[in-house]
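Asker: Below you'll find the structure I mean.
The values are calculated or read from the model by the stated rules, or taken from the named source; none is laboratory data. All values reported here derive from a predicted model rather than from experimental measurement. All Cβ positions, glycine included, derive from the backbone under ideal geometry; neighbour counts span all protein chains shown. Side chains included, ligands, DNA and RNA excluded: accessible areas come from the protein's heavy atoms. Shrake-Rupley method; radii C 1.70, N 1.55, O 1.52, S 1.80 Å.
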Amino acid sequence: MDTGGSSESPTEPKNPKRGRPKTSHKAKESSLKQKSPAEFFAENKNIAGFDNPGKSLYTTVRELVENSLDSAESISELPVIEITIEEISKSKFNTMIGLIDRERVDEELYDDFESAKAREKRLAKEARIQETQAKKAALGKKMKEPASVKGVKGRGEASFYRVTCKDNGRGMPHDEIPNMFGRVLSGTKYGLKQTRGKFGLGAKMALIWSKMSTGLPIEIASSMRGQNFKSFCKLDIDIHKNIPHVHLHEKRENKDKWHGAEIQVVIEGNWTTYRSKILHYMRQMAVITPYAQFLFKFISDMGEKNVTVLFARRTDVMPSVPLETKHHPSAVDLLLIKRLISETSKQNLLQFLQHEFVKISKTFAERLIGEMGPDFSPNMSVKSLTSQQIVRIHQLFRQAKFDDPNGDCLSPAGEYNLRLGIIKELQPDMVATYAGSPQIFEGHPFIVEAGISLGGKDVKQGLNVFRFANRIPLLFEQGADVVTRTALKRINWSSYKINLMQDKIGVFVSIVSTKIPFKGTGKEYIGDDITEISSAVKTAIQQCCVQLKSKIVKKLQARERQERKRNLTRYIPDASNAIYDILEKISQNKEAKRHRYEAEDNELLEKVSSQEITEISLRDHLTQHVEQVDYEMALEYAAQSGVSEDPREDIYLNSLDGSHNYIDFQSPIFVFRLCI
């Protein structure tokens, strides 16, 4: 037996230190990384609508306009908003960032380089196309427009734009401006209330896109009511730390006592591809906010590309400001209940239930506490609740029956404003509007308003759907939206005398709620899977169709009456000629046969014989009779329509100057303002 051998296993390495790499706890910890909110949105910019340069330009305009509207409405000021997009040439942009233009040295290095062989091939293709077109022209054949041969375009070619938005809103406190623009997920729109914003990012995402595409800071000028100075701030954002990087922050003289905000940002964009989307957005915003005035400008070095559009104000009646509300018990989750407990100032459970939620009275709160079990009492400290007790509260909230929340906290556009906006922008032949009563889904109140127009300018044949959520237009992903699907699949248009193929139909639906159930990452459409909303949209559209059907039927009756009059008038000459010939022949008969006729007939024949009645006079009498019958039918139509037979004249009412106390009496089609 070999007792002097090694006791090590043959599979065990002789030097264990060499077989195992060193892994320290420090190295493991360093592999864990944390992203700031700004960094997350910078890497996932498509979530906020910054998919590409073109859509980024559109989204920047949208965010700035909506912020301006919110700011003006918060102080009950009729919004006056100026939005300008200025195209910046490459040389001008290089000057702005301090970069000197350099001529190319190595042409083949660039993506847009065209080799001699590629150029020869392109020119040969162009020559063949021209030859084919010449042969067709010689034979007299109809020629199609030749497709243009695209030149080589480099990937590095970018277009830059300076976007400026100025308003007459609330303005911003001087010291809060850096954090309001330079810190993502910090703002004033995170309470439970109806808001225009989708993510609460506002102009912050435009600043992030500016930093990513141009590296230039954003410039903000702001002043609040009564301030004798104007705040000016130039800043960008530290994306990794999610903090503002201030370049300049100072107070300047405010000679003209202006209040509001003016924001200027330089970004990469694409006006050519998103021109129509931006203009459609501005037009639809003018429809849903007819009390606002928008001045839109696009400025370019090429004069023919310049655009200036004024969307004038049509009314000074503004919707009420949305109110912040409390959560409905059926719409909360465990995380929210825990947050409310940590933030509440109430001491005991009874006060917490009564004051932190809607539709829980003192009596009902006591009943809920009694149902929770012996471990709960009205006077127990709400801060002492265990995790199990919080789960019990959540379970009871899901099972108990609560009254539905009312819609007092919501601020719809109003049927009057919606009708005015449609008339102002589309100038339709007919329009009908309807405002539904507040309804509930998942514990959140919502209101659906609808309008349908027939005819009008810049409206295509068929169905034209205009969607609004919390009074902002939705332009993308229309096919999957509840409004589009309802209008296409659930409405029998022919039963309302509307031709879906030939008529120019505008369908306008506005949904406001404390929670809009958007679908998709971009939040551009409302899903069709919520029965309450789908049913309310269908009802609103149908109510508009019923109104239109009544108008269409009356219009058809008037058209039939006019057609009947036109036909009768057309046959008057032939009828009067035939009747006069018969009367003339009878009047020439012998006296012996005249005893067959009545005295009135004999009198008529004598007038014909004496030329007292001629063909011309008979024609005039028939014309007067047709006119009289038409007038009587018109009076009957007017009486049925509720229209006075007296001629109508335009009445122009001047707006009152100065400040007045008044009360508004609102109707779907007018607002009566009584000055006190």
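Asker: Could you report the accessible area of residue 335 in Å², rounded to 10, computed with a 1.4 Å probe on the protein chains as they sit in the structure?
Answerer: Per-residue accessible area (residue 335): approximately 140 Å².
Asker: Would you mind calculating the relative contact order of the stretch 510-634 from Cα pairs under 8 angstrom and at least 6 residues apart, reporting the percent as a whole number?
Answerer: Worked out over the stretch 510-634, it gives 24 percent.
Asker: Any idea what the relative contact order of the stretch 261-318 is, in percent, if you count C-alpha pairs under 8 Å spaced at least 6 apart?
Answerer: In percent, rounded to a whole number, it is 27.
Asker: With all protein chains present, calculate the accessible area of residue 271 using a 1.4 Å probe and round the result to the nearest 10 Å².
Answerer: 10
Asker: How big, in percent, is the set of alpha carbon pairs in the stretch 392-511 lying more than 20 Å apart?
Answerer: 51
Asker: Please go through the stretch 329-397 and write out the GluC sites (Glu not before Pro) that DSSP classes as loop and that have at most 16 other C-beta atoms within 10 Å.
Answerer: none
Asker: Over 25 Å between C-alpha atoms is what I'm after, so list which of 55/193; 45/424; 55/211; 33/193 land there.
Answerer: Long pairs (Cα-Cα over 25 Å): 55/193; 45/424; 33/193.
Asker: Ok, one more. Go through the stretch 289-298 residue by residue and turn each phi into a ³J(HN,Hα) via Karplus (6.51, -1.76, 1.60, θ = phi - 60°); whole Hz please, and just put x for glycine and proline.
Answerer: 10, x, 8, 9, 10, 10, 10, 10, 9, 10
Asker: Counting Lys +1, Arg +1, Asp -1, Glu -1, what net charge surrounds residue 370 among other residues with beta carbon under 15 Å of its beta carbon?
Answerer: Surrounding charge for residue 370 is 0.
Asker: In terms of modelled amide H atoms, which long-range or inter-chain residues lie less than 5 Å from the amide H of residue 230?
Answerer: For residue 230, the qualifying residues are 252, 253, 254.
Asker: Around residue 578, with a cut-off of 14 angstrom between Cβ atoms, what is the net charge of the other residues, counting Lys and Arg +1 and Asp and Glu -1?
Answerer: Once all neighbours under 14 Å are counted, the net charge is -2.
Asker: Near the amide H of residue 243, under 5 Å away, which other amide H atoms are found, from residues 5 or more places off or on another chain, if H is placed in the peptide plane?
Answerer: Excluding prolines and chain starts, which carry no amide H, the hits are 238.
Asker: Mind listing the phi-derived Karplus ³J(HN,Hα) values for the stretch 354-360, rounded to whole Hz, using 6.51, -1.76 and 1.60 with θ = phi - 60°, and x for any glycine or proline?
Answerer: Each residue's phi maps through the Karplus curve to give 6, 10, 9, 9, 8, 6, 10 Hz.
Asker: When a/c is below 1.5 the answer is rounded, else prolate if a/b is larger than b/c, else oblate, so apply that to the stretch 416-484 with a ≥ b ≥ c taken from the square roots of the Cα gyration tensor eigenvalues.
Answerer: Oblate, because a/c is 1.5 or more while a/b does not exceed b/c.
Asker: Would you tally the net charge around residue 612, using a Cβ to Cβ cut-off of less than 14 Å, leaving residue 612 out, and scoring K and R as +1, D and E as -1?
Answerer: Around residue 612, the surrounding residues sum to -4.
Asker: Got the relative contact order for the stretch 427-575 handy, in percent, Cα pairs under 8 Å and 6 or more residues apart?
Answerer: Answer for the stretch 427-575 is 31 percent.
Asker: A further question follows. What figure, in Å² to the nearest 10, do you get for the accessible area of residue 311 with a 1.4 Å probe and non-protein molecules left out?
Answerer: 20
Asker: Here is a further query. What's the carbon and sulfur percent of the stretch 438-544's accessible surface, probe 1.4 angstrom, rounded to a whole number?
Answerer: Numbers: 1780 of 4030 Å².
The C+S portion of the solvent-accessible surface of the stretch 438-544 is 44 percent.
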